[in-house]
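Each remark here refers to the structure printed beneath this line.
The values are calculated or read from the model by the stated rules, or taken from the named source; none is laboratory data. If you're wondering where the values come from, they're calculated on a predicted model, not measured in any experiment. Here the Cβ positions follow ideal geometry from the backbone for every residue, glycine too, while neighbour counts run over all protein chains shown.
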Amino acid sequence: MRLPLGILTGMGFIGGGAILSRDNLVFGVTTAATLWFVTVIGLCFGGGQISLGITAFLLGMLILSGRRWIDYRMKQGQHGILTLTTENSQPTEEEIRVTVRKAGYKINVSSVAYLNQTDRRQLEFNVRRQGVPQSADVPPFLKEFAADERVSAAHWRVS
């Protein structure tokens, strides 16, 4: 019994190294649990418990595939920074907010900087959206701003 316990302890230690924390998010918990679970399945096969190993494998695949299905349909927060260089007064900040709101995003914070010796201003918006992740990284309103002749530059940065 010492050998399997030593193997499980070692794999638990390796799985602990797979868990990462960035900002307020934790990544790698499923990877760590899967490493440990696969080790248990390997010990079942190595100990001659073939039917138990096959049953555990099928149960694990069912749970992981179900978790993936749920994960892709779960709402997640998406954050980004929209930077626009525009004419001095057009488009108005309210016009920009309406365009962003129509795409399902919300502006949290905004700032304005007037560029030296030009009639231009640079607007920066902290934007967020709660929903199912989209396939494209670029939000739909960015093309609309880029096509607007009053906007000389439109940039999107994921935060």
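When you go through (1) within 23 Å of the chain's Cα centre (by Cα); (2) modelled with pLDDT of 85 or more one by one for S135, which number turns out not to apply?
Among (1) within 23 Å of the chain's Cα centre (by Cα); (2) modelled with pLDDT of 85 or more, S135 violates only (2).
Considering (1) on the phi > 0 side of the Ramachandran plot; (2) touching a residue at least 40 places away in the same chain (Cβ under 8 Å); (3) not acidic (D, E), say which one G47 fails and leave the rest.
It is condition (1) that G47 fails.
Does T55 satisfy the criteria of being surrounded by 13 or more Cβ atoms within 10 Å (Cβ to Cβ) and either of a type in the set (S, T, N, Q) or under 30 Å from L142 (Cα atoms) (or both)?
Against the criterion (surrounded by 13 or more Cβ atoms within 10 Å (Cβ to Cβ) and either of a type in the set (S, T, N, Q) or under 30 Å from L142 (Cα atoms) (or both)), T55 qualifies.
What are the residues in the range 39-62 that are of a type in the set (F, W, Y) and closer than 14 Å to P4 by Cβ, if any?
If the condition is that a residue be of a type in the set (F, W, Y) and closer than 14 Å to P4 by Cβ, then F45 is the only one that fits.
Taking the range 64-79, which residues are out of contact with any strand residue (DSSP E or B) (no Cβ under 7 Å at 6 or more places or on another chain) and of a type outside the set (G, A, S)?
Listed by number, the residues that qualify are L64, R67, R68, W69, I70, D71, Y72, R73, M74, Q76.
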